[in-house]
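Take a look at the structure set out below.
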Amino acid sequence: MKLNEFINAYKYAEEGKNLPEEERVKRNLSFIKKLLSDNDPRIIDFHYNLLSKREYKELYYVVRAAFLERPEAENYLLKKLKTESDPITLADILHLLGIIESFHAAPLARKFVNDDHDYQREVALYVLGWVGNESDITILNHHLLNEEFPHLRITAASAHRQLYYRLPDLKNQLLLSLRKGFEREKDDEVTAWIVIMIESITLKRLGLREDKEDPHLIHGDIQKAKVKTSKFLSELKF
């Protein structure tokens, strides 16, 4: 049966999880090439169902990204929204719709941002950064101020920068929102990312910088940066 070929090809890629990087990449790309070579509905369903196999993150991410290369991927995903119950897969659907800037992405993100599931809220926040508009600044600010988990407050802060890159005329509104977050925040890691976003939007050096190779690493003295940022924000005229 043809489907068995794809199942076996996936297993072969999956078994390479602990191999050196070059071999892992080779196996993963070979599998994706085979996976995308057939648009039989059963194979597309198989591809979609692989989104629930997340133990091998590297393979999971390439499988997820590859789904957008499917013909009619957007329509397929929109139909799955009506029947999918797994919260992580639902968030992945939103992630993919956000990447292609689907007309449906922003309304769905506004819905998911109120969900109880942390990952759905996380994806909703950064998708609003990708495709949202001025009205979504209020949503981002609410989560910047009120999310319990630091990584979600960081996501809300980062979405401000994404909005600015697309809609630079919103600069003042975004800075006002970030200023509220800066003044409220007690966690230095979150504060550091708020400062980075302010620096990115204003092109002002406030003492911190992102690592060029590691997107999760920040360099600089946070305490000095907080003093400098506080002074800078107090002098801004909105």
Would you call residue 192 small (Gly, Ala, Ser) and touching an Asp or Glu at 6+ places or on another chain (Cβ under 7 Å)?
no
Where a residue in segment 62-82 is on the phi < 0 side of the Ramachandran plot and its partner, wherever it lies, is surrounded by 13 or more Cβ atoms within 10 Å (Cβ to Cβ) and among the acidic types (Asp, Glu), with Cβ under 7 Å and at least six apart
64/92
In segment 28-43, how many are surrounded by fewer than 19 Cβ atoms within 10 Å (Cβ to Cβ) and touching a helix residue (DSSP H, G or I) at 6+ places or on another chain (Cβ under 8 Å)?
7
Residue list for segment 214-238, filter: within 29 Å of the chain's Cα centre (by Cα) and among the hydroxyl-bearing types (Ser, Thr, Tyr):
229, 230
How many residues are among the polar types (S, T, N, Q) and part of a helix (DSSP H, G or I) if we restrict to segment 1-44?
4
Every residue from segment 163-176 that is under 20 Å from the mean Cα position of the chain (by Cα) and in a helix (DSSP H, G or I)
163, 164, 165, 166, 174
Going through (1) among the hydrophobic types (A, V, I, L, M, F, W, C); (2) over 26 Å from the mean Cα position of the chain (by Cα); (3) surrounded by 13 or more Cβ atoms within 10 Å (Cβ to Cβ) one by one, residue 46 fails only at (2)
Selection within segment 54-110 - part of a helix (DSSP H, G or I), closer than 21 Å to residue 38 by Cα and either modelled with pLDDT under 95 or of a type outside the set (A, V, I, L, M) (or both)
60, 61, 64, 67, 69, 74, 75, 76, 79, 80
I'm told residue 211 meets every condition in (1) touching a His at 6+ places or on another chain (Cβ under 8 Å); (2) surrounded by fewer than 17 Cβ atoms within 10 Å (Cβ to Cβ); (3) within 29 Å of residue 116 (Cα to Cα) except one. Can you identify the failing condition by its number?
(3)
Between a residue in segment 1-21 that is within 16 Å of residue 66 (Cβ to Cβ) and any residue that is basic (Lys, Arg), which pairs come within a Cβ distance under 6 Å, given they are 6 or more apart or on different chains?
9/34; 13/27
Determine, yes or no, whether residue 103 is more than 30 Å from residue 20 (Cβ to Cβ), outside the structural domain of residue 161 (by TED's automatic domain parsing) and either touching a His at 6+ places or on another chain (Cβ under 9 Å) or free of Cβ contacts under 8 Å to residues at least 40 places away in the same chain (or both).
yes
Here's a check for you: in segment 55-77, which residue that is exposed (fewer than 15 other Cβ atoms within 10 Å of the Cβ) and of a type in the set (A, V, I, L, M, F, W, C) is farthest from residue 28 (Cα to Cα)?
68
Which one of these does residue 3 not meet: (1) more than 30 Å from residue 103 (Cβ to Cβ); (2) at pLDDT below 95; (3) loosely packed, with under 12 Cβ neighbours inside 10 Å?
(3)
Given the conditions (1) surrounded by fewer than 20 Cβ atoms within 10 Å (Cβ to Cβ); (2) over 30 Å from residue 112 (Cα atoms), report the number of the one that residue 166 does not fulfil.
(2)
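The values are calculated or read from the model by the stated rules, or taken from the named source; none is laboratory data. Since the model is a prediction, treat every value here as computed from it, not as a measurement. For neighbour counting, all protein chains shown are included, and Cβ atoms are generated from backbone atoms with ideal geometry for every residue, glycine included.
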